[in-house]
Structures are given as structure tokens and as C-alpha cells.
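A.B. asks: So that we are looking at the same thing, I have put the structure below in C-alpha cells.
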Amino acid sequence: MPVLPICQYPDPVLRVRCAPVEDFGPELKRLVEDMIQTMHDAPGVGLAAPQVGVELRVAVVDATAGVDPEAVRVLVNPEILDATGVDTDTEGCLSIPDFTEQVTRPASVRVVARDLEGESYEIDADELEARAIQHELDHLDGILFVDRLRGLRRQRARSFLRRLRSPEPAVAGGN
Ligand code: NI
């Protein structure tokens with residue numbers, strides 16, 4: 001189970017609207033195993049397939065960041081059925097290192113997804129897990145958490161992202 005390289009902003013794969021999975025074969029299993037390994041290695045609480053360069057609607061979430069193996073959620077072709085409440089908390093993204101900001105989202109979600117066998121199942125999530133699921137589902141539509149910011153927080157994100165798009169040239173010197 002290799003750790004995969006994580007695509008970084010402004011990689012255009014992060015802006016792709018991903019295609020649904022139709023083939024629930026061994027390749028999907030391998031992808032998901034590698035994604036779980038990559039998420040835990042980072043470490044992170046979620047990872048979406050486009051972040052490892054795969055344009056499919058697949059995400060993994062583990063609100064315990066590797067502490068509880070039972071907590072890993074595999075979300076194939078996920079959809080939010082219901083979202084309730086409002087919550088604001090700090091978010092970051094493995095594809096945008098060194099930037100975090102307060103993001104407001106629904107506090108709880110009900111999600112329908114398929115598992116590795118293609119069986120449909122539903123989960124109710126709240127707190128960090130609900131936030132991570134929403135963040136990863138956004139990735140499947142090419143949406144980044146910085147797109148969810150408004151006002152001053154958005155301005156802060158914009159200037160940070162601008163620096164990532166055109167980093168300052170290295171200062172000449174030394175040898
Ligand atoms: Ni992310």
C-alpha cells in the first residue's frame with residue numbers, strides 16, 4: 001500500500017468535476033487502500049481522489065486520524081441527503097499546505113454512498129466527521145474550502161493563494 005503524492009494547489013486536477021465510479025473492481029480497492037494509507041501518513045482526516053490525481057467520485061474520511069481503524073469511512077459516489085445546523089471551525093487542506101481558516105458549514109449531515117462492493121449505505125455524521133465529509137465531497141466537484149470563505153477570510157485566502165500561483169523568484173546569491 002504505497003503512499004501517493006498529494007497534488008498541490010494550483011494543480012488543475014483540483015478543479016475537476018469528478019466522474020462517478022462505475023467499476024467496483026480490484027482497481028478501486030487498490031485506490032482506496034492507497035488513499036487511506038496516504039491520508040494516515042499525511043496525517044489528515046480526509047482525502048479525495050482528485051487530490052491524488054484520480055478524477056473519480058471517491059473519498060476517504062477518518063475523524064480520528066488513524067487512532068481508530070473502525071472510524072475510516074469509504075465514500076464512493078457520495079451524496080448529501082440532508083444537512084442541518086450551522087457550525088464554524090478551523091479547516092485546512094492537504095492540497096493547500098500552511099493555510100487554515102475558520103469555515104462555516106452545516107453542523108450535521110446525512111450522506112448516502114456506495115462501499116467497495118457497490119452496496120449503497122447511509123451515514124449520519126456530526127462534528128469533525130461532518131465537516132471532513134463535506135470538505136471531501138466538495139473536492140469531488142472541484143471546490144476547495146477557500147471557496148467557502150467570505151469577507152476578510154476570503155481576502156486572506158486570496159492573497160495566500162496568489163503567492164502559491166506565482167511564488168517569489170529565488171534570491172540570487174550564494175554560489
Ligand atoms: Ni482538502
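A.B. asks: With respect to residue 42, is the statement that it is open to solvent by 40 Å² or more (accessible area, probe 1.4 Å), within 14 Å of the ligand (Cβ to nearest atom) and over 12 Å from the mean Cα position of the chain (by Cα) true? Walk me through how you get there before you give the answer.
C.D. replies: On the way: open to solvent by 40 Å² or more (accessible area, probe 1.4 Å): yes; within 14 Å of the ligand (Cβ to nearest atom): yes; over 12 Å from the mean Cα position of the chain (by Cα): yes.
Judged against the criteria, residue 42 is a match.
A.B. asks: Related question: Taking only segment 133-154 into account, find how many residues are closer than 19 Å to residue 56 by Cβ and either in a helix (DSSP H, G or I) or more than 8 Å from the ligand (Cβ to nearest atom) (or both).
C.D. replies: Here the count works out to 11.
A.B. asks: Here's something else I'd like to know. Restricting to segment 63-99, give me the number of residues that are surrounded by fewer than 14 Cβ atoms within 10 Å (Cβ to Cβ) and either among the aliphatic types (A, V, I, L, M) or under 17 Å from residue 151 (Cα atoms) (or both).
C.D. replies: 6
A.B. asks: What is the one condition in (1) of a type in the set (Lys, Arg); (2) without any contact (Cβ under 8 Å) to a residue 60 or more places away in the chain; (3) under 30 Å from residue 30 (Cβ atoms) that residue 154 does not satisfy?
C.D. replies: (3)
A.B. asks: Consider only pairs whose beta carbons are under 6 Å apart and that are at least six residues apart or on different chains; among these, list those whose first residue lies in segment 124-144 and is at positive phi and whose second residue is open to solvent by 10 Å² or more (accessible area, probe 1.4 Å) and part of a loop (DSSP other than H, G, I, E, B).
C.D. replies: Close Cβ pairs (under 6 Å, with a partner that is open to solvent by 10 Å² or more (accessible area, probe 1.4 Å) and part of a loop (DSSP other than H, G, I, E, B)) amount to 142/16; 142/17.
A.B. asks: I need the strands (runs of 3 or more DSSP E) fully contained in segment 35-126, keeping only those with at least 2 residues that are of a type in the set (A, V, I, L, M).
C.D. replies: Where strands (runs of 3 or more DSSP E) fall fully within segment 35-126 and carry at least 2 residues being of a type in the set (A, V, I, L, M), they are 46-48, 58-61, 73-84, 96-105, 108-114, 120-126.
A.B. asks: Also, quick follow-up: What about residue 164, is it in a helix (DSSP H, G or I) and open to solvent by 50 Å² or more (accessible area, probe 1.4 Å)?
C.D. replies: Answer is yes for this residue.
A.B. asks: Residue check: is residue 12 out of contact with any strand residue (DSSP E or B) (no Cβ under 9 Å at 6 or more places or on another chain), within 16 Å of the ligand (Cβ to nearest atom) and without any contact (Cβ under 8 Å) to a residue 60 or more places away in the chain?
C.D. replies: yes
A.B. asks: Among the residues of segment 130-151, which ones are surrounded by fewer than 18 Cβ atoms within 10 Å (Cβ to Cβ) and of a type outside the set (Gly, Ala, Ser)?
C.D. replies: 141, 143, 147, 150
A.B. asks: So which residues in segment 100-127 are crowded, with 17+ Cβ neighbours inside 10 Å and within 16 Å of the ligand (Cβ to nearest atom)?
C.D. replies: 101, 103, 105
The values are calculated or read from the model by the stated rules, or taken from the named source; none is laboratory data. No experiment lies behind these values; they were computed from the predicted model shown. All Cβ positions, even for glycine, are placed from backbone atoms using ideal geometry, and neighbour counts span all protein chains on display. The accessibility values were calculated without ligands, DNA or RNA, using every heavy atom of the protein model including side chains. Shrake-Rupley method; radii C 1.70, N 1.55, O 1.52, S 1.80 Å.
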